[in-house]
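Please read the structure below before turning to the comments.
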Amino acid sequence: MRIGPYQLANQVICAPMAGVTDHTFRELCRRFGAALAVSEMLSSSPQVWQSEKSQNRMGHRQESGIRSVQIAGSDPEQMAAAAQYNVDIGADIIDINMGCPAKKVNKKLAGSALLQYPELVEQIVRAVVQAVKVPVTLKIRTGWDPEHRNGVQIARIAEDNGIQALAVHGRTKACMYKGEAEYDTIAAIKQQVKIPVIANGDITSPEKAQFVLDYTGADAIMIGRAAQGRPWIFREVVHYLATGEKLAAPSVSEVQQIMLEHVQGLHQLYGDYAGARIARKHVGWYLAEHDPDGLFRSEFNGIEHANVQLDALNSYFHKLAAT
């Protein structure tokens, strides 16, 4: 699996997720085997580039591995300028977001809303590809709604205009994250284009990863929500694809170590105040299995200070180990 000059170490990629795949999370996923971890999307609007949120997302040169940066917007010139800006500050690959189904993104005619307008898709893709010398990739859904699955058409436009890899989520915009992902459209896209195709959607286990690769013929798979609170899924999937054998689940002590490192990283990235609040959702994901009634998570969500969060987590795992 290659993207331009970049040879990926394996077929397993971490999907971009707004509010999740920040620098701390990407580093964890890469350490556990993700060949590529794509940044959370950055707006193409220059008015927001200096905001604290954007600045936290733009520290590309601090990144290990291949730096793939996702941009979102609907104006071809702005998207081209955003691509140039992010390359100037360290991006190795520019990824165009045409897959996000969120209302606040789509109402600006960005994300998966663009799939309704193939001519505009072509204008954006062409503008971004011509603006930078690094590889440009594209992430899409299978179409706007189940009656308008135009993923094959969009894929051809992408290939014809210089896109070097295409990630496809097996749902339409209208489907949001409901129901099950379908892989027939991804398989059809793979048959129609020569650029690498990355299959995304409902890949929650090593066995499912193998099934999706086999069913679609895709060059790689992309894991998103299944990695929330479970970054070691990349280690499990990479090992299974290479050997056909399943790895043992991480021990409770390893989960403790990973989560504490993640939470401390969030505190360092965002500062004690914002970091403590952002950590809450991640801790909820990590402890979904160990705290099914949510009693500790409810207590944890009331903690205001970063150091108190760490003390509470250590105490929780100490009790968990004792039982």
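The values are calculated or read from the model by the stated rules, or taken from the named source; none is laboratory data. Source: prediction; values computed, not measured. Virtual Cβ from ideal backbone geometry, glycine too; neighbours counted across all protein chains shown. These area figures cover heavy atoms from the full protein model, side chains too; ligands, DNA and RNA do not enter into them. Shrake-Rupley method; radii C 1.70, N 1.55, O 1.52, S 1.80 Å.
Descriptive notes on the structure:
- Looking only at residues of the range 80-97 that are over 25 Å from Arg171 (Cα atoms) and of a type in the set (A, V, I, L, M), we find that the one that is surrounded by the fewest Cβ atoms within 10 Å (Cβ to Cβ) is Ile89.
- Close contacts from the range 242-266, counting a first residue that is under 18 Å from Asn301 (Cα atoms) and a second that is surrounded by 14 or more Cβ atoms within 10 Å (Cβ to Cβ) and aromatic (Phe, Trp, Tyr), with Cβ to Cβ under 6 Å and a gap of 6+ residues or different chains, come to Gln256/Phe317; Met259/Tyr286.
- Taken as a whole, the condition of being at pLDDT 95 or above and surrounded by fewer than 18 Cβ atoms within 10 Å (Cβ to Cβ) applies to Ala226.
- Residue ID - surrounded by the most Cβ atoms within 10 Å (Cβ to Cβ), chosen from residues in the range 289-323 that are among the acidic types (Asp, Glu) and under 22 Å from Gln257 (Cβ atoms): Asp291
- Residue ID - most open to solvent (accessible area, probe 1.4 Å), chosen from residues in the range 98-118 that are at negative phi and in contact with a Phe, Trp or Tyr (Cβ under 9 Å, 6 or more places away or on another chain): Gln116
- Filtered residues of the range 119-173 (kept if of a type in the set (S, T, N, Q), over 24 Å from Ala220 (Cα atoms) and open to solvent by less than 10 Å² (accessible area, probe 1.4 Å)): none
- Looking only at residues in the range 62-82 that are more than 10 Å from Leu42 (Cβ to Cβ) and part of a helix (DSSP H, G or I), the one that is modelled with the lowest pLDDT is Gln62.
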